[in-house]
Amino acid sequence: MAVCVSVFHKCRRLPSTLLNLRPLVLNLNAQSTRTFCTTKALAARKYTEQHEWVDVQGTIGTVGVTDYAQNALGDVVFAQLPEPDSELNQMDDCGALESVKAASELYSPVSGTVTEKNKDVEETPALINQSPYEKGWLFKIKLSKPEELDALLDEAGYENHLKNTGH
Amino acid sequence: MNVFRNSYLLLPYHRIKIRRLGNMNSYNPVSIIATRSITDDVSKKSVFVSKSTNIFENLALEDWFYKNFDFENQSLLFMWVNTPCVVIGRHQNPWLEVNLKNLSQNNVFLSRRNSGGGTVYHDQGNLNCSFFTSRVRYNRKSNLETICGSIRSHWNLNLTISPREDILFDSYKVSGTASKLGHRNAYHHCTLLVDVDSSLLHQMLNVHELGIQSNSTPSVRSPTMNLKACCPEISVDEVIHILGCYYIKNSPLCCQGFDFVTPSEENFPGLDLIKQSFSAWQWIYGKTPSFSVCCPIGDQSSEVKIQVLNGKIERLHFQDVTVGKQDALKLSTLLVNQKLDSELHDVISNGNVFGTMGEDRFSKLKEILLALCLTSV
């Protein structure tokens with residue numbers, strides 16, 4: 001997700017919703033270690049530096065943009081999402097989110113084949129602002145290179161990235 | 001690569017490093033690498049002015065810069081002027097935004113840009129300014145301030161920036177703004193109404209209501225005015241000169257001169273292909289977000305919904321059973337999977353399908369379909 005931040009001064013802090021989510025995710029991780037569940041079943045959300053997230057269940061990843069991204073974009077008025085069956089390479093430009101006057105390119109955090117796009121978001125792009133991690137997911141993708149996940153950021157890494165880049 | 005008319009002016013400091021960004025699969029970056037590269041000073045600023053007044057060439061060149069230049073340590077102001085044309089935003093619906101009939105009657109081009117935002121009318125009294133930076137240094141407000149500052153410095157006009165980031169004079173809009181943000185690069189471009197033919201502007205943007213339902217990006221209509229109206233001595237050429245100098249002088253380096261560039265394949269390998277895609281029906285009309293149109297049938301108690309995807313009629317939905325199966329089948333055979341273009345226009349107006357169905361009952365449908373098919377490139 002290509003969000004630009006230099007003009008969005010109000011977003012210098014990590015949004016509170018993201019902070020609220022953190023304990024939940026950490027807790028999930030802890031649980032998975034203790035009970036020897038496969039990490040895949042309870043895999044935590046992974047992030048890109050471009051503010052996309054991907055949540056993998058089995059071989060299917062659900063992709064969205066982070067709370068930070070939606071906040072920086074402002075009200076999304078149009079979501080252009082990849083069509084099902086399109087094959088994407090990691091970091092392919094695969095759509096765009098339009099907020100007031102700016103079209104921001106959307107990148108796929110992983111390689112694979114798109115299995116579904118969120119039609120509700122196409123109908124009501126404001127869902128991205130209201131619920132970036134749940135109702136505002138963008139598309140689902142069948143991973144062709146699951147190993148790519150290893151190089152993506154985890155929750156703490158993403159948070160650090162935001163801190164280090166001055167947000 | 002020979003993009004510079006006065007290239008010797010720039011050589012000492014101005015080596016442009018071209019990095020392949022985006023998905024220009026069709027062209028080989030090796031052929032243009034290493035012509036120049038930019039030094040590591042972020043304050044480096046260049047000004048390019050297009051020698052072309054063709055909207056498709058200029059949009060293609062803008063896109064070429066966006067995809068091929070590395071703006072990490074360098075900024076560019078690209079200025080361009082077009083012959084009469086209407087430019088819609090990336091996710092807009094031309095049937096909702098533009099008077100297609102007036103457009104073709106006046107030989108005005110229609111084009112779709114890559115950035116967001118609303119519809120604008122351009123002619124040679126309008127200056128387009130594209131500010132390129134890295135995504136990190138993208139700053140719309142500062143670009144607009146540069147424009148206002150330069151105009152103020154020379155003509156003493158008090159321009160202000162609205163919360164929507166339009167430039168205003170006395171609450172009238174003199175400039176509209178839109179942006180495109182990518183992974184590494186970004187641009188912000190805006191119009192500047194210097195001496196635009198406002199009667200043509202209104203004719204092009206005065207739309208007949210067709211009853212379209214869509215979630216495409218709507219334009220926000222605002223009262224506009226020309227800078228010429230408050231400052232008779234101003235001209236586009238002078239604004240290019242003043243703004244270009246102001247932009248460069250704001251950097252610690254002094255003015256190195258402008259580059260007047262010709263958007264040609266020879267100068268910018270791969271440009272022809274980009275130009276072709278910008279001029280194609282599939283881009284201008286075909287990229288319209290899906291929409292539907294409801295047409296009354298007969299005494300208006302019944303209606304048919306035309307669903308359009310990628311500029312093609314995807315399906316017809318008859319709201320009730322008052323349209324007989326045979327008529328519904330005839331209409332579907334005639335219309336489904338057809339592009340809303342001049343070919344379908346001819347088929348509808350010259351063919352006899354509507355005649356065989358009782359023209360009166362379907363006259364409104366025919367009228368709306370013919371209006372939808374007024375798409376030319």
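The values are calculated or read from the model by the stated rules, or taken from the named source; none is laboratory data. Predicted model only: the values in this text are computed from it and were never measured. Glycine gets a Cβ as well: all are built from the backbone with ideal geometry, and neighbour counts include every protein chain shown. Just so you know, the surface numbers come from the protein's heavy atoms only, side chains and all, with ligands and any DNA or RNA stripped out. Shrake-Rupley method; radii C 1.70, N 1.55, O 1.52, S 1.80 Å.
Some values worked out for this structure:
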quantity: Exposure of B:H122 as accessible area (Å², to 10), given a probe of 1.4 Å and all protein chains; calculated: 10
quantity: Charge dipole magnitude, Cβ of K and R +1, D and E -1 - segment B:205-294, Cα centre, debye nearest 20; calculated: 380
quantity: Candidate lysines for bridging to A:K163, where Cα separation is under 22 Å - those fewer than 8 sequence places away on the same chain excluded; calculated: A:K10, A:K46
quantity: Global form of segment B:291-372, assessed from the alpha-carbon gyration tensor, a/c cut-off 1.5; calculated: oblate
quantity: B:F65, B:F260, ranked by accessible area, largest first (probe 1.4 Å); calculated: B:F260, B:F65
quantity: Distance in nm between pseudo-label sites at B:S199 and A:E147 (7 Å out along the Cβ direction from Cα); calculated: 7.0
quantity: For segment B:118-245: rounded, prolate or oblate by the Cα gyration tensor [a/c cutoff 1.5]; calculated: oblate
quantity: Whole-Hz couplings from phi, Karplus 6.51/-1.76/1.60, listed for segment A:62-75; x for Gly and Pro; calculated: 9, 10, x, 10, 6, 4, 4, 5, 5, 5, 5, 5, x, 4
quantity: Low-density loop positions, GluC sites (Glu not before Pro), segment A:82-167 - DSSP coil, at most 13 other Cβ in 10 Å; calculated: A:E134, A:E147
quantity: Partner aspartates and glutamates for B:K305 [C-alpha distance under 19 Å; skip if fewer than 8 residues away on the same chain]; calculated: A:E123, B:E209, B:E314, B:D320, B:D327, B:D341, B:E359, B:D360, B:E367
quantity: Ordering of B:164-170, A:49-55 by packing [mean C-beta count within 10 Å, highest first]; calculated: A:49-55, B:164-170
quantity: Candidate aspartates and glutamates for bridging to B:K249, where Cα separation is under 19 Å - those fewer than 8 sequence places away on the same chain excluded; calculated: B:D40, B:D41, B:E145, B:D237, B:E238, B:D259
quantity: In order through segment B:239-244: 3J(HN,Hα) via Karplus (6.51 cos²θ - 1.76 cosθ + 1.60), integer Hz, x for Gly, Pro; calculated: 4, 4, 5, 5, 5, x
quantity: Karplus-derived 3J(HN,Hα), 6.51/-1.76/1.60, for each residue of segment B:54-63, Hz, glycine and proline x; calculated: 9, 4, 6, 5, 6, 5, 5, 5, 4, 5
quantity: Per-residue mean of C-beta atoms belonging to partner chains within 10 Å, peptide B:175-182; calculated: 6
